Amino acid sequence: MQDYQKILNNIHKTLSQVENKGEVANYIPELAKVSKDKFAIYLNTINANNFEVGDAETAFSIQSISKVFSLAMAFANQGNKLWERVDVEPSGNPFNYLSLLEREKGIPRNPLINSGSIVIADCLVSSLENPKEDFLQFVRDLANDQSIDFDKKVAESEHKTGFRNYAIANLLKSFGNLENEVETVLDFYFHQCSIAMNCKQLSNAFFAFANQGICMGGNACLTATQAKRINAIMLTCGFYDEAGEFAFEVGLPGKSGVGGGIVALLPNEFVITTWSPGLNDKGNSYLGMKALEQFTTQTKSSIF
Ligand code: DON
């Protein structure tokens with residue numbers, strides 16, 4: 001086995017000498033309070049070894065990383081019916097882009113941009129008895145950790161400033177691709193994005209995607225085919241208009257969030273999560289991308 005701890009320590013040391021050109025997200029005011037100096041990596045291998053550096057057990061706002069969890073839950077519950085309301089093509093546009101949705105008559109390009117994730121939220125609101133509670137329980141079970149929770153302050157902060165998401169939800173409603181009230185669906189969406197998790201919990205929760213759908217606790221959360229399809233969507237759509245760059249530099253399926261987290265995985269091998277809150281101009285973590293590029297280069301491990 002490679003000396004993963006040495007590799008992580010080395011990446012941490014190298015990046016501490018690199019100028020962090022990223023900026024902390026401030027369009028959700030509560031996120032702007034987080035220090036740009038936080039940095040962590042947590043690696044979880046399929047045969048249950050784990051390695052960490054930095055603030056790997058400090059929780060942060062998972063934001064768009066939650067879109068993978070809601071997709072997984074809706075896909076597990078509803079199967080291929082989902083694809084009637086959302087496509088699986090890369091968007092090549094920012095995560096909160098509106099024009100494409102208008103042109104394509106309310107069918108979002110994929111479930112990992114805001115419009116697609118709002119449609120998925122609508123599916124879950126329609127099908128779950130207690131949508132927010134049931135979704136939180138799904139994430140807790142995926143991570144095998146019952147302490148995970150929403151951050152109500154972050155949800156409230158986004159509720160007050162989520163004007164673009166209101167525009168997207170209204171556009172979806174006008175095209176008949178939102179069954180529930182805009183306010184109800186966005187309340188669910190803002191809560192899913194507000195979940196606070198640390199790098200260790202995220203790596204554990206993504207274990208199922210690297211492990212053919214079997215989660216940390218040993219239960220089959222997804223079928224192997226569903227896990228394969230979600231990985232394909234992460235690879236092509238997980239980084240918005242930087243999905244090509246991430247595949248080029250890192251070469252793994254993954255998902256970013258504006259809280260500065262990135263989770264990436266190599267099927268049947270490992271899950272790796274990085275956290276550095278400074279974002280590049282595409283909304284992806286500046287140092288997180290660099291850390292993952294160094295990791296896959298040094299370990300010679302990518303899907304390519
Ligand atoms: O809807 C939003 O704008 C945020 N709750 C999530 C955006 C996000 O994390 C984009 N990721 N890089």
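Throughout, read-outs are computed from the coordinates displayed, never taken from laboratory work. Nothing here was measured: the structure is a model prediction, and the numbers come from that model. No Cβ is skipped: glycine too gets one built from the backbone with ideal geometry, and neighbour counts run over all protein chains shown.
Structural remarks
- Nonlocal amide H pairs with N93, under 5 Å, H built at 1.01 Å: D241
- Taking S285, S157, S276 in turn, the Gaussian network model of the chain (Cα-Cα springs below 10 Å) assigns the largest fluctuation to S157.
- Residue-wise HN-Hα couplings along the stretch 137-153, as the Karplus relation 6.51 cos²θ - 1.76 cosθ + 1.60 with θ = phi - 60° gives them from phi, are 5, 4, 5, 4, 5, 4, 7, 6, 8, 7, 8, 5, 8, 6, 9, 4, 5 Hz; Gly and Pro carry x.
- Taking every DSSP helix (H) stretch of at least 4 residues in the chain, weighting each as -39,500 (n - 2.57) and dividing the sum by the residue count yields a mean residue ellipticity at 222 nm of -13500 deg cm²/dmol.
- Mean shadow area of the stretch 141-284, taken as a quarter of the surface of its Cα convex hull (nm²): 9.7
- Stretched out straight at 0.36 nm per residue, the stretch from L98 to A232 would grow longer than its current Cα-Cα span by 45.9 nm.
- A simple rule links phi to the HN-Hα coupling: the Karplus curve 6.51 cos²θ - 1.76 cosθ + 1.60 with θ = phi - 60°, which for the stretch 220-228 gives 7, 7, 9, 7, 4, 5, 5, 4, 4 Hz, with x for Gly and Pro.
- Stretching Y27 away from N9 to a fully extended chain increases their span by 3.2 nm, per 0.36 nm per residue minus the current alpha-carbon distance.
- Sorting S35, S301 from the fewest to the most surrounding beta carbons within 10 angstrom yields S35, S301.
- Projected label points at E19 and D149, each 7 Å from Cα along the beta carbon direction, are separated by 4.1 nanometres.
- Proximal lysines to K228, defined as alpha-carbon separation beneath 23 angstrom and excluding residues fewer than eight positions away on the same chain: K67, K81, K200, K255, K300
- Mean Cα-pair separation over length for the stretch 182-265, i.e. relative contact order, pairs under 8 Å, 6 or more apart, %: 19
- Just so you know, the averaged projected area of the alpha carbon convex hull for the stretch 4-299 sits at 13.2 nm².
- When the convex hull of its Cα atoms is viewed from all sides, the stretch 1-155 shows a mean projected area of 11.9 nm².
- Pairs from K21/K173; K38/K152; K13/K153 whose Cα-Cα separation, in the structure shown, is over 31 Å: K21/K173; K13/K153
- Each residue of the stretch 272-277 was assigned a 3J(HN,Hα) from its phi angle through the Karplus curve 6.51 cos²θ - 1.76 cosθ + 1.60 (θ = phi - 60°); the sequence is 10, 10, 10, 9, 8, x Hz, with glycine and proline shown as x.
- Per-residue Cβ neighbour rank within 10 angstrom, fewest leading, D149, D241, D3: D3, D149, D241
- Footprinting exposure proxy ranking of W83, W275, fewest other C-beta atoms within 10 angstrom first, gives W83, W275.
- Normalised by the number of residues in the stretch 4-299, the mean separation of alpha-carbon contacts (under 8 Å, six or more apart) gives a relative contact order of 28 percent.
- Modelled label reach - Q298, point 7 Å along Cα→Cβ, the stretch 28-47 residues with backbone N closer than 13 Å: 41-43
- Taking the C-alpha atoms only, the angle from helix 286-299 to the longest principal axis of the chain is near 50 degrees.
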